[in-house]
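Participant: Handing you a structure now.
The values are calculated or read from the model by the stated rules, or taken from the named source; none is laboratory data. Keep in mind that this is a model prediction, so the values were computed, not measured. Please note: Cβ atoms are built from the backbone with ideal geometry, for glycine as well, and neighbour counts cover all protein chains shown.
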Amino acid sequence: MNRCPQCASFVPAHVCPECDHRLPAPRDAGPGWVRRAVNAAVSAGAVLTLAACYGVPYEDEYCPDPSSDADGDGYCGEFDCDEGDPERHDFAYDEPGDGVDQDCDGADAIPTPTDGGPTGM
């Protein structure tokens with residue numbers, strides 16, 4: 001993409017979309033395969049530039065509809081058992097013995113000797 005010399009907008013073709021200034025036609029880039037390769041490289045660069053500026057579409061496998069994620073933790077539906085608590089979802093760390101089921105498996109994690117639980121003696 002070029003910049004328009006009159007208004008500094010990006011020009012995707014040969015006519016500025018902002019001020020209708022016509023840019024000079026590009027010079028012949030050589031054989032057809034060379035032109036196609038150059039055009040493909042320029043197009044890919046434009047796509048990457050636009051994606052970097054404006055971001056890519058939101059597609060999250062754990063919450064395909066962000067409007068349904070009430071607690072803002074990035075999980076919803078079957079992956080979030082409590083939309084009122086961002087610390088409770090299928091992939092959360094379940095603190096053993098605190099009486100709260102953070103990872104939504106149906107029970108609180110059982111303390112073990114390594115995390116201060118009973119030693120079994």
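Participant: Being modelled with pLDDT of 70 or more and exposed (fewer than 11 other Cβ atoms within 10 Å of the Cβ) is the filter here, so list the residues in the range 44-71 that pass it.
Facilitator: A44, E61, D65, S67
Participant: Quick check on the range 58-80: of everything there that is in a loop (DSSP other than H, G, I, E, B) and of a type in the set (S, T, Y), which residue is farthest from C104 (Cα to Cα)?
Facilitator: Result: Y58.
Participant: Return only the number of the condition from (1) under 30 Å from C4 (Cα atoms); (2) at pLDDT 90 or above; (3) of a type in the set (V, I, T) that V38 does not satisfy.
Facilitator: That leaves (2) as the condition not met.
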